[in-house]
Amino acid sequence: MKLLYVTDVFCPWCYGFIPVMRRLVREHPSLPIRVLGGNLMDQPQRLSEMLEEHPTIPAFFERLEQTTGQSTARFRELLAAVPGDPSRDWPMHSAAMNLPLAALRRLAPGHELAQMEAFEESFYAGAQNVMDPRFWNEVAARWNIAPAALQAALRQEDVRLAAARDAREAEDIMGEFCLYPTLYLERGTQRTLLARGYVPYETVNGALETALAGASRQETIPEGAACGLDGHCDVNAEPGATFRG
């Protein structure tokens, strides 16, 4: 058995979900975790374009902070600065981020959740340009990976193939409803949905304990906070539902 976590570097609710995932992993150390990067930003986009498309997004990030306890102050400051400072108009593209994640996983296996969280926190808590390859070197240094080793891994064909394969698998697993974050318990070819969208630790852990006990469904359906940048998502499968892959 293992946990399967489908997340995205640029997913704000995934950033909000970090404390939940850390506690879940800490309190269930016998469960390994597999992390797949999604495709929330399926096309390259800049912060200025996001602001134009979602003019109320600063209020959304205030709500996210109130809901999750994760600070968004620096990111809101960044959004306020972007119109007058094009040099801080950071790019966003989910597919491009799967490559450094695949390289880090190859060079420092067993840390894929922490590696994903490093990018999510740096973007939303630190307001950093996480698509800058110079920043990738800073992240790699946390696992004592030299810049030359990271650059070599980024050029390897099998690492590039792994990054593309991860993205395809994430899309195949979630199907038509690509909602982030999504968490499953995997038992062989069987997957039990534990969370879709942001839900608090007690709810996720309850779903996990039920799944570990062998139950295939839960009696109650917890309400998960939104997955999208506009603050809304439709939940089309309840936690506790079981799927076969």
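The values are calculated or read from the model by the stated rules, or taken from the named source; none is laboratory data. Source: prediction; values computed, not measured. Backbone-built Cβ (ideal geometry, glycine too); neighbour counts: all protein chains shown. Protein only, heavy atoms only, side chains kept; ligands, DNA and RNA dropped before computing areas. Shrake-Rupley method; radii C 1.70, N 1.55, O 1.52, S 1.80 Å.
I need two numbers for region 74-182: Rg to one decimal and Dmax as a whole number, Cα atoms only, in Å.
Taking only Cα atoms of region 74-182, I get Rg and Dmax of 15.0, 42 Å.
Between Gln151 and Ser48, 0.36 nm times their residue separation minus their Cα-Cα distance comes to what? Before the final figure, lay out each step's value.
Details: separation 103, 0.36 × 103 = 37.08 nm, distance 2.97 nm.
Gain on stretching Gln151 to Ser48: 34.1 nm.
When the chain is fully extended, how far beyond the present Cα-Cα distance does Asp85 get from Glu209, taking 0.36 nm per residue of separation? Walk me through the numbers before you get to the answer.
On the way: separation 124, 0.36 × 124 = 44.64 nm, distance 4.85 nm.
Length gained, Asp85 through Glu209: 39.8 nm.
Would you list the P(r) distribution for region 141-214, with all Cα-Cα distances sorted into 10 Å bins from 0 and each bin expressed as a whole %?
15, 31, 27, 24, 4
Once you wrap a convex hull around the alpha carbon atoms of region 117-158, what is its projected area averaged over all directions, in nm²?
On the way: hull surface 12.8 nm².
Computed as one quarter of the Cα hull surface, the answer is 3.2 nm².
Over the Cα atoms of region 1-79, compute the convex hull volume and normalise it per residue, giving Å³.
93
Only Lys, Arg, Asp and Glu count, each charged at its Cβ (+1, +1, -1, -1), so figure out the dipole size of the chain about its Cα centre, rounded to 20 debye. Display every interim value, and only then the final one.
Numbers: 23 positive and 32 negative charges, 183 e Å.
For the chain, the charge dipole is close to 880 debye.
Once you keep just the Cα pairs under 8 angstrom separated by 6 or more residues, what percentage relative contact order results for region 64-161? Let's see the in-between values first.
Numbers: 77 pairs, mean separation 29.8, N = 98.
Computed over region 64-161, the figure is 30 percent.
Divide, for the chain, the radius of gyration over alpha carbons by 2.2 N^0.38 Å, where N is the residue count.
Normalised Cα radius of gyration, the chain: 0.99.
Roll a 1.4 Å probe over the protein heavy atoms and report the accessible area of Arg34 in Å², nearest 10.
Roughly 60 Å² of Arg34 is accessible to a 1.4 Å probe.
May I ask you to derive the FRET efficiency for Glu138 and Gln190 from their Cβ-Cβ distance with R0 = 41 Å, giving the value to the nearest 0.05? Working shown, then result.
Numbers: r = 39 Å, r/R0 = 0.95.
The calculated FRET efficiency here is 0.55.
Using the Karplus equation 6.51 cos²θ - 1.76 cosθ + 1.60 (θ = phi - 60°), what ³J(HN,Hα) coupling, rounded to whole Hz, does each residue of region 194-207 give in order, writing x for Gly and Pro?
Once θ is set to phi - 60°, the couplings for region 194-207 become 9, 7, 9, x, 6, 9, x, 4, 4, 5, 5, 5, x, 5 Hz.
Below 8 Å between Cα atoms, with a sequence gap of 6+, how large is the relative contact order for the chain in percent?
Values: 405 pairs, mean separation 64.4, N = 245.
Result for the chain is 26 percent.
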